[in-house]
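Bear in mind that the values in this text are calculations on the coordinates, not laboratory data. Computed from a predicted structure; not experimentally measured. Heads up, the Cβs are rebuilt from the backbone with ideal geometry, glycines too, and the neighbour counts pull from every protein chain shown.
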Amino acid sequence: MAVCVSCQQRKGKRTCPALSGDICPQCCGEKREESIACPLMCEHLVESRLHEKTVVDPSIRTFPEVEVTDQFMQRNRSLVQLLATGTAMAALGVEGAVDRDVREALDSLAASYRTREASGLIYDSRPANPYAEQIRQSIEKTIDSVREKLREQQGMYTIRDADILGSLVFLVRLAAVNNNGRSRGKSFLHVVLGMAAEVMGRMEPKAE
């Protein structure tokens with residue numbers, strides 16, 4: 001059996017796609033999404049999601065002043081799913097992006113919409129993190145695209161800023177409870193990818 005590609009001491013019992021070799025369970029468990037940039041679909045990473053616990057990070061703001069009720073979610077389910085899909089695609093489009101970058105992007109967008117709702121002022125809260133800024137710009141394009149499609153389909157009707165704010169805050173909170181505390185963590189990204197897959201599945205033509 002091959003020696004662990006990471007520690008060079010213990011036996012490598014798992015295939016590590018990130019390191020292109022066999023890795024021991026200890027190094028896999030301790031170094032995944034920390035010193036090892038694990039690919040999203042690594043089977044050991046996917047399995048580890050079943051046992052992860054939320055790491056509470058007080059620096060993550062969740063906008064408690066914004067109310068997101070069950071009724072809101074029922075009314076805006078499609079919007080939330082479209083924004084989740086846009087978020088997933090945005091993150092995948094930025095090489096090296098991790099949950100932290102996605103959270104910063106969603107936080108800055110939610111802050112901008114909250115200011116707009118509270119005061120009527122159009123104020124953009126931009127992240128200093130370049131990865132987060134790229135993701136934010138992509139999510140903004142998703143919002144613009146959804147608005148345009150609704151205008152085409154329903155005339156003058158468009159999405160209320162309050163509904164976009166609530167949907168963004170829901171995703172911010174979802175990101176907070178799916179924080180595994182790892183520096184290269186992508187636990188939240190796995191969640192929104194699942195939501196995106198559901199949306200894409202509904203869009204596929206059904207076999208006759």
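For Kirkwood radius over Cα pairs in Å, several values are listed as [x] 17.2; [y] 20.1; [z] 18.7; flag the one computed from this structure. Label [z] holds the value from this structure.
Compute the angle between helix 161-177 and the longest alpha-carbon principal axis of the chain, please, reported from 0 to 90 degrees and rounded to the nearest 10. That helix lies at roughly 20 degrees to the long axis.
Find the relative contact order for the chain and round it to a whole percent, using C-alpha pairs within less than 8 Å whose residues are 6+ positions apart.
On the way: 253 pairs, mean separation 54.3, N = 208.
With pairs under 8 Å counted, the relative contact order is 26 percent.
Put a plus charge on the Cβ of each Lys and Arg, a minus charge on the Cβ of each Asp and Glu, and nothing anywhere else: the dipole of the chain about its Cα centre is then about 420 debye. Rounded to the nearest 10 degrees, the angle from helix 130-154 to the longest Cα principal axis of the chain is 40 degrees. With axes computed from alpha carbons, what is the tilt in degrees of helix 77-92 against the longest principal axis of the chain, rounded to the nearest 10 within 0 to 90? Approximately 50 degrees, to the nearest 10. In this structure the amide hydrogen of VAL3, modeled in the peptide plane, comes within under 5 Å of the amide hydrogens of GLY12, none closer than 5 places in sequence on its chain.
How many lysine pairs in the chain, separated by 8 or more positions in sequence or lying on different chains, have Cα atoms less than 23 Å apart?
On the way: LYS11/LYS31; LYS13/LYS31; LYS31/LYS53; LYS31/LYS186; LYS53/LYS186; LYS141/LYS149; LYS141/LYS186; LYS149/LYS206.
Total qualifying Lys-Lys pairs in the chain comes to 8.
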